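Throughout, read-outs are computed from the coordinates displayed, never taken from laboratory work. None of the values given here were measured: they were computed from a predicted structure. Neighbour counts run over all protein chains shown; Cβ positions are idealised from the backbone, glycine included.
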Amino acid sequence: MHPQDAPPAHRTTTTERGSFCLARCDCGWSGPARRSRDRARTDAAAHAASPAPRDGDAVRQ
């Protein structure tokens, strides 16, 4: 497999909405709203460690 053929890595961020924080990813995944920023970051790290979806794969939320 050539580097250009490799699936893109997950790029996650956390977003705050009022008193809640949630993790999001460029692949379309969004974690549950959390009151704990640390827990939202943990959700993001767990998602980033999972394999990136391939074209045609359904995005699980």
Mind checking which pairs have a first residue in the stretch 33-49 that is touching a residue at least 12 places away in the same chain (Cβ under 8 Å) and a second that is surrounded by 14 or more Cβ atoms within 10 Å (Cβ to Cβ) and part of a helix (DSSP H, G or I), Cβ under 6 Å, 6 or more apart or different chains? ARG34/ALA40
Total residues in the stretch 16-26, condition within 8 Å of the chain's Cα centre (by Cα) and either crowded, with 19+ Cβ neighbours inside 10 Å or within 12 Å of ALA40 (Cβ to Cβ) (or both): 3
